[in-house]
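The values are calculated or read from the model by the stated rules, or taken from the named source; none is laboratory data. What you see is a predicted model; the values in this text were computed from it and never measured. Here Cβ is always computed from backbone atoms with ideal geometry, including for glycine, and neighbour counts include all displayed protein chains.
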Amino acid sequence: MTWVQLAYLAAALCFILALKGLSTPKYARVGNLVGAAGMALAVVTAFATAGDHHVLIAVAVVVGVVVGVPAARQVKMTAIPQMVALFNGVGGAAAALVALAEFLENTGAGVLFVVATALTVLIGSVSFSGSLVTFLKLQEIMTTRPVLLPSGQWIGIGVAAVSAVLLVATPATGSAALLVLLAVAGLALGVLFVLPVGGADVPIAISLLNAFTGLAVAASGYVLENTLLIVAGTLVGASGTILTRLMAQAMGRPLTNILFGAFKAVPPAAASGEQRTVRSGTVEDVAILLGYAHSVLVVPGYGLAVAQAQHAARELAQLLESRGISVDYGIHPVAGRMPGHMNVLLAEADVPYENLKELDDVNPGIGSVDVVLVVGANDVVNPGARDEPASPIYGMPIFDVDRAKAVVFMKRSMRPGFAGVDNSLLYHPKTTLLFGDAKDSLTKLLAAVKQL
Amino acid sequence: MTWVQLAYLAAALCFILALKGLSTPKYARVGNLVGAAGMALAVVTAFATAGDHHVLIAVAVVVGVVVGVPAARQVKMTAIPQMVALFNGVGGAAAALVALAEFLENTGAGVLFVVATALTVLIGSVSFSGSLVTFLKLQEIMTTRPVLLPSGQWIGIGVAAVSAVLLVATPATGSAALLVLLAVAGLALGVLFVLPVGGADVPIAISLLNAFTGLAVAASGYVLENTLLIVAGTLVGASGTILTRLMAQAMGRPLTNILFGAFKAVPPAAASGEQRTVRSGTVEDVAILLGYAHSVLVVPGYGLAVAQAQHAARELAQLLESRGISVDYGIHPVAGRMPGHMNVLLAEADVPYENLKELDDVNPGIGSVDVVLVVGANDVVNPGARDEPASPIYGMPIFDVDRAKAVVFMKRSMRPGFAGVDNSLLYHPKTTLLFGDAKDSLTKLLAAVKQL
Amino acid sequence: MIELLTIFVLAVFVGFEVVSKVSTILHTPLMSGANAIHGVILVGAILITGHADDALTLVLGLLAVFLATVNVVGGFVVTDRMLEMFKGHKR
Amino acid sequence: MIELLTIFVLAVFVGFEVVSKVSTILHTPLMSGANAIHGVILVGAILITGHADDALTLVLGLLAVFLATVNVVGGFVVTDRMLEMFKGHKR
Ligand SMILES: NC(=O)c1ccc[n+]([C@@H]2O[C@H](COP(=O)([O-])OP(=O)(O)OC[C@H]3O[C@@H](n4cnc5c(N)ncnc54)[C@H](OP(=O)(O)O)[C@@H]3O)[C@@H](O)[C@H]2O)c1
Ligand SMILES: NC(=O)c1ccc[n+]([C@@H]2O[C@H](COP(=O)([O-])OP(=O)(O)OC[C@H]3O[C@@H](n4cnc5c(N)ncnc54)[C@H](OP(=O)(O)O)[C@@H]3O)[C@@H](O)[C@H]2O)c1
């Protein structure tokens, strides 16, 4: 059956090329298509060589397509992280189920086989339940704040210990009941792992769970002695691990802090008792501020994505530029809800690439910026991340907009951002708040500036 | 025998890490040591599991060490390329011999086995004879100029065709005689491949033959069903291929031109009939020129390496700098006889890294350089590479020293450089020639500048 | 077995090397692209279902096929949608 | 067989990726380092010699062992000598 194996090898090659492509902007899209082609090849090959039940398999695939494609097509850009989390979870579940089924079929196989099976079941379950919780968090079905169970640390350690015991006991006894128990322990472990992760850090948890699913797939490749699964799973595992690290670096914090930091963090001091005052402005106030500025910096955040205000922002920027005002965009690596979120949105609105500035481009000269327009961003400009060691986001690099000459916040309320941390900049004398939906405000502002 | 296989896997890992280390200056030396450790592990493992003849094997290894280590220790830095070529050749020969021996042992094995065997023998022989010829060229035992046999192109194609036929015929018949014939054809092919390569391009041929040997080792890994040989050989094959391309890029020419260009190149016009005049200066003339310059550029070349004049050059530069003259070194990517040759030598002489400038750093501002000191370089400053499409080195990027205010050449004679091409800059009115060994001249110059 | 282990080790290196220097902008597409790739478990799910002898394995297998398919198609489609936007900005 | 082929393909990628962005300065050490690594044929030579039954194979094998040893030790020593100099200049 050499052609089968060659087809699998070709698919593995496609996956490598896909990853390579996805890491260079130029070939990213082609890379993804190559990956899809490889997947199609692999699936058709598997289907052609599957012994039996072709009709049922085909039906299951069709149902999967019917469910998956519309979901992926219709999801809003802002909701993509939770979608990725869901897809990741179902992948992990599938890996665990495959291992479970193979175990039931193949009673009495070698020890190494059972070890790999148990590992797949464990990692797959962790990935499944962990991804589900991240989904619930991102979709805001549950709180985005870290959830700390009473002595949650000990529960976590306990469940991990039970899992470890089961991981050894299952191969030793070969019992299916223990394997099912292991799956349950894995599910609990996944939940316990993600619950204490702070809202802002959930994407990193997704990336890590993504790597987990990859490893589960690789382990199931051992179980099935299928090199394609081994190669593809390992690729995802390795690249996911590196990506997780890169993302943590972009947040400016070590990974352990992100995952387990909540256990140590001091609960934020309830500063609400102070009743500090804020200054809220009208559209006209802000229009005048902008109209007479020389340089403007737009810092977009998650709110821009929610309001789908990217086009309005671009139009305002163009209007200002036509009046001789220099306008730049300050793109924080973790603005929005996924890395590169702002780049994607602004690219969609045809903002020229040169105008997108990173932290290091902006901060040194930020003192000479006349007006910073913070459009639906909050955490990424919170000076607490720089100045208050007690803050849960302490250590994350931010745009030092408090050093600019004036700051305008466009948001709907005084509610904090994703991290749930209060932002002292909102109460600063040089800050003007322009309440309302970002798109509305920008559109009104556009009209007002035209009137000047 | 799992521990054996794990040891081999560990060795393979060491080799990967070695390559990774060697491609970052910081870890290069550690990387090489890691590679050596992996090799030691692999060899000890093989020795421990070799069935028989342990004493003879040990003797052969010891003899190899006794021959190899002193040769490697005593070779002059300038002769390293030919040393590498020799080591490469013996590696290729070893691969071919292993395949041959395995074939004789295992008569009547499968077709795929014999195909891999034949391939190993062919590639190994090509690599062996090709490397020997490059050695002879670099050691200047034979001419460094491209050697074009009458209708050599056709002979080459003929031998290649014969090899191809034998490559098919050997597995088809399983005849040992054909395999030996194939080895002979391979030897001829290697010679024919390297003969027409121009002197300056020989290092690229070595790199390619290096990759070939890697492939031969990988193929012999198939023959012996040894994953370590497959991994290590393939690594070398792949990285050698990329390296060859990178080196060709550094020379500014496409690879095919380098390897087969000689067949098309017009023989250089015999310009000697003209009897152009040169201006030769004394040490004092040059000292004055230097003493009153504001900026000096030192362009070192192969002659600096031959004369071991790096320390003298550094001393002169320091003296000039102490007099307020700015001194830079212009390091051409292919100056000397191996890539990075000049960096190695000047690093040895403790020249600060910041003073080493590349082509793109130097050429834009070269018009304002007062004196260019060309120390034993020639081809890398030959304006013909830029201006004369008929020149064999046309297309190689050069230092445009003819645009500087004055040029001093330190060389021993009017002989051309490695490429064997006359250099019109030697006859230019703004050029002063300072004949003699580079180290002598520099030492004298040092004394003369001190007198100023 | 050693072959499979070797494959694993090499794939680890390929994964590390390929991704190690990617820019922030591409983190999300890369994450979701990798996500789609691990949907290759669909191959395993199909094979196991094809050989299922009893009802339980068959049901587990079919469920796995369904979930893996969602993973695969969803992953590739979402990634493509994201990258489409990047493309737009090359204009 | 397919495992070996997969290993080959993956090793090609590892080799390409690892070396693809190295600077000119390191071309020569890298060439000679890679040169030393393919001396691993010594392993093959030892194994084949260990199993040699007749005089011819034995002689061929021993010759291969000798040549491969020269390749290995020469390669690593030369590379180390070169890199020693690079180290010097970090001072
Ligand atoms: N990029 C990533 O990889 C990633 C992933 C997950 C999490 N995170 C985290 O997400 C945060 C991102 O920071 P950020 O500054 O972009 O966002 P943020 O801190 O979450 O703040 C978003 C702000 O937008 C406002 N907003 C919401 N909808 C709006 C609308 N329709 N119109 C106007 N304003 C609206 C909200 O205030 P109102 O409700 O008062 O309007 C909120 O203050 C960081 O904490 C980061 O760590 C990042
Ligand atoms: N770097 C690489 O990877 C590499 C490898 C192989 C070949 N190449 C080729 O080598 C050439 C390198 O260019 P290059 O300019 O460095 O060297 P070159 O063109 O070969 O010129 C060297 C010059 O040094 C002079 N010289 C030799 N011994 C000397 C001594 N003891 N004292 C003073 N001068 C001495 C020679 O002239 P006299 O004999 O008159 O003294 C000769 O003109 C290029 O063609 C390049 O393509 C490069």
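Does at least one position in the stretch B:443-450 carry a residue that is part of a loop (DSSP other than H, G, I, E, B) and either touching a helix residue (DSSP H, G or I) at 6+ places or on another chain (Cβ under 7 Å) or surrounded by fewer than 17 Cβ atoms within 10 Å (Cβ to Cβ) (or both)? No: zero hits.
Can you pull out the helices (runs of 4 or more DSSP H) entirely within the stretch C:1-76 that have at least 1 residues that are more than 7 Å from chain A (Cβ to nearest Cβ)?
Counting at least 1 such residues, we get C:2-19.
When B:Ile206 is tested against the conditions (1) closer than 24 Å to B:Gly417 by Cα; (2) within 14 Å of chain D (Cβ to nearest Cβ); (3) more than 16 Å from ligand 2 (Cβ to nearest atom), the lone failure is (3).
The rows are residues; the columns are (1) more than 14 Å from chain C (Cβ to nearest Cβ); (2) within 11 Å of ligand 1 (Cβ to nearest atom); (3) modelled with pLDDT of 85 or more.
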{"residue": "A:Asp387", "(1), (2), (3)": "yes, no, yes"}
{"residue": "A:Ala390", "(1), (2), (3)": "yes, no, no"}
{"residue": "A:Ile393", "(1), (2), (3)": "yes, yes, no"}
{"residue": "A:Val407", "(1), (2), (3)": "yes, no, yes"}
{"residue": "A:Lys411", "(1), (2), (3)": "yes, yes, yes"}
{"residue": "A:His428", "(1), (2), (3)": "yes, no, yes"}
{"residue": "A:Leu433", "(1), (2), (3)": "yes, yes, yes"}
{"residue": "A:Gly436", "(1), (2), (3)": "yes, yes, yes"}
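Here the condition is being modelled with pLDDT under 90, within 21 Å of A:Leu255 (Cβ to Cβ) and buried (at least 20 other Cβ atoms within 10 Å of the Cβ); of A:Val202, A:Val223, it holds for A:Val202 alone. Being in contact with a Pro (Cβ under 8 Å, 6 or more places away or on another chain), in contact (Cβ under 8 Å) with a residue 40 or more places away in the chain and aliphatic (A, V, I, L, M) is true of A:Leu425. Could you go through the stretch A:383-394 and let me know if any residue there is assigned to a loop (DSSP other than H, G, I, E, B), among the hydroxyl-bearing types (Ser, Thr, Tyr), away from ligand 2 (no atom under 16 Å from the Cβ) and crowded, with 20+ Cβ neighbours inside 10 Å. Within the stretch A:383-394, one or more residues are assigned to a loop (DSSP other than H, G, I, E, B), among the hydroxyl-bearing types (Ser, Thr, Tyr), away from ligand 2 (no atom under 16 Å from the Cβ) and crowded, with 20+ Cβ neighbours inside 10 Å.
Against the condition part of a loop (DSSP other than H, G, I, E, B), of a type in the set (Val, Ile, Thr) and within 21 Å of A:Arg276 (Cα to Cα), how does A:Val421 come out, does it pass?
Yes; evaluated as a whole, the condition is true for this residue.
Among the residues making up the stretch B:395-424, a single one is on the phi > 0 side of the Ramachandran plot and either surrounded by fewer than 18 Cβ atoms within 10 Å (Cβ to Cβ) or not assigned by TED's automatic domain parsing to the domain that holds B:Val306 (or both): B:Gly395.
Residues considered: B:Val380, B:Val362, B:Val372. Of these, the only one that is assigned to a strand (DSSP E or B) and assigned by TED's automatic domain parsing to the domain that holds B:Leu446 is B:Val372.
Kindly indicate which of A:Val371, A:Val380 is closer than 18 Å to A:Val296 by Cβ, more than 16 Å from ligand 2 (Cβ to nearest atom), within 14 Å of another protein chain (Cβ to nearest Cβ) and β-branched (Val, Ile, Thr). Being closer than 18 Å to A:Val296 by Cβ, more than 16 Å from ligand 2 (Cβ to nearest atom), within 14 Å of another protein chain (Cβ to nearest Cβ) and β-branched (Val, Ile, Thr) holds for just one of A:Val371, A:Val380, which is A:Val380. Going through the stretch A:226-250 one residue at a time, which ones are charged (D, E, K, R) and surrounded by 24 or more Cβ atoms within 10 Å (Cβ to Cβ)? None - no residue of the stretch A:226-250 is charged (D, E, K, R) and surrounded by 24 or more Cβ atoms within 10 Å (Cβ to Cβ), so the list stays empty.
Pairs linking a residue in the stretch A:322-340 that is near ligand 1 (Cβ under 8 Å from one of its atoms) to a residue that is part of a strand (DSSP E or B), with Cβ atoms under 9 Å and 6 or more positions apart or on different chains, are A:His332/A:Val299; A:His332/A:Pro300; A:Ala335/A:Val299; A:Ala335/A:Pro300; A:Gly336/A:Pro300. B:Gly51 falls short on exactly one of the conditions (1) outside any helix (DSSP H, G or I); (2) among the small types (Gly, Ala, Ser); (3) more than 14 Å from D:Gly61 (Cα to Cα), and that condition is (3).
Does A:Pro146 fit the bill of being at pLDDT below 85, within 12 Å of another protein chain (Cβ to nearest Cβ) and within 16 Å of ligand 1 (Cβ to nearest atom)? Here the answer is no, as A:Pro146 does not meet what is asked.
When you go through D:Leu42, D:Leu83 one by one, which is the residue that is buried (at least 24 other Cβ atoms within 10 Å of the Cβ), farther than 21 Å from B:Leu208 by Cβ, hydrophobic (A, V, I, L, M, F, W, C) and at pLDDT below 90?
Only one candidate passes the filter, namely D:Leu83.
Residues satisfying the criterion are present in the stretch A:305-316 (criterion: at pLDDT below 90 and either buried (at least 24 other Cβ atoms within 10 Å of the Cβ) or within 14 Å of another protein chain (Cβ to nearest Cβ) (or both)).
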